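Below: the structure, in structure tokens.
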2 protein chains.
Amino acid sequence: MNFQPIDIDGKFALFTEQWSPKVIGKINDYLVKIGKLQGDFVWHTHEETDELFIVNKGVLRLDFRDRQVFLSKGQMFFVPKGVEHKTHADDECEIIMFEPETTLNTGNVTDDKTVENLEWI
Amino acid sequence: MNFQPIDIDGKFALFTEQWSPKVIGKINDYLVKIGKLQGDFVWHTHEETDELFIVNKGVLRLDFRDRQVFLSKGQMFFVPKGVEHKTHADDECEIIMFEPETTLNTGNVTDDKTVENLEWI
């Protein structure tokens, strides 16, 4: 057992790549992932799971087909399974995600932003 | 579907009771809970699930039988299933928890701090 607290900002400081989620912890079969993003993601759907986003820095725009939702630091949002969405950030944004370990970042599509093997940091 | 962002500090502002976790969201069969605590909890174990704590305000002390771990704002800690522990805070502390919806706050014991029916806020 690891008795070292996990400092979330400290983990964000360990990498600079955007659109490359990292794993910082595991609870049962769920992972806590963190990511940096800027620009536009790909439209996708997670048919089998809800998705949770928490913003750690900057502003995250969540695009749905009929609206946009803006999230800032300390705000979170649940995207229900089956709902098509896309993430966007004008300036670099840091997000924390909580998802089943089987969740692929691009859901039902494969794209140059798809990351199959997640790095633990 | 609710398109309103969930503001974590805003949710903490909705209640004052200590040792009374509130639910602020659900992802699949996991709940996001928030709680305020001060003083000493009861020693307990979750035999069936890991537990995740994130500190939102103040300092959380996690007691184990052979050591203490101190967590401050922006730090998180995973308590593996089966590991006996107890939370403590000298001054009021705010924590965020991710847990299966079946998780009871006092795990394998029943105590005056046991909360069976969690309130959604």
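No value in this document is a laboratory result; all are computed from the given coordinates. No experiment lies behind these values; they were computed from the predicted model shown. Positions of Cβ are generated from backbone atoms using ideal geometry, with glycine treated the same way; all protein chains shown enter the neighbour counts.
Roughly what % of DSSP beta bridges within the protein assembly as shown run antiparallel, to the nearest 5? Rounded to the nearest five, the antiparallel share is 95 percent.
By average Cβ neighbour count within 10 Å, what is the ranking of A:84-92, A:72-80, A:13-21 from highest down?
Going by the mean number of other Cβ atoms within 10 Å, highest first, we get A:72-80, A:84-92, A:13-21.
Here the simple spin-label model places points 7 Å from the Cα toward Cβ, and for B:Arg61 and A:Asn108 these points are separated by 5.2 nm.
Listed by chain and number, the lysines placed with their C-alpha closer than 21 angstrom to that of A:Lys86 are A:Lys22, A:Lys33, A:Lys36, A:Lys57, A:Lys73, A:Lys113, B:Lys26; residues fewer than eight positions away on the same chain are left out. Here is the P(r) of the protein assembly as shown: all C-alpha pair distances, binned every 5 Å from 0, give 1, 6, 14, 19, 20, 16, 11, 7, 4, 1, 0 in whole percents. Peptide A:46-54 is shielded by partner chain Cβ atoms: per residue, an average of 3 of them sit within 10 Å of its Cβ. The calculated FRET efficiency for the pair B:Met1 and B:Val42, based on their C-beta separation and a Förster distance of 41 Å, comes to about 0.60.
Give me the log10 of I(q) over I(0) for chain A at q = 0.09 Å⁻¹, as the Debye formula computes it from C-alpha points; what are the numbers? Treating every Cα as an identical point scatterer, log10 I(q)/I(0) equals -0.22. Taking every C-alpha pair closer than 8 Å and separated by at least 6 residues, the mean separation divided by the residue count of chain B gives a relative contact order of 33 percent.
Fewest-first ordering of A:Ile54, A:Ile6, A:Ile34 by other beta carbons within 10 Å of each residue's beta carbon gives A:Ile6, A:Ile34, A:Ile54. Please list, short to long, the whole-number percent of alpha-carbon pairs of region A:59-112 in consecutive 10 angstrom bins beginning at zero. Spelled out per bin, shortest first, that is 19, 56, 25, 0.
Summing +1 for each Lys or Arg and -1 for each Asp or Glu among the other residues whose beta-carbon sits under 12 angstrom from that of B:Val59 gives -1. Taking all C-alpha pairs of region A:40-88, those more than 14 Å from each other amount to 49 percent.
Quick check: net charge around B:Leu71, other residues with Cβ under 10 Å of its Cβ, Lys/Arg +1 and Asp/Glu -1? Its environment carries a net charge of +1. With neighbours defined as other Cβ atoms within 10 Å of a residue's Cβ, the residues A:Trp120, A:Trp43 order from fewest to most as A:Trp120, A:Trp43. Each label point was placed 7 Å from the Cα along the Cα-to-Cβ direction; for A:Lys81 and B:Lys81 their separation is 2.0 nm.
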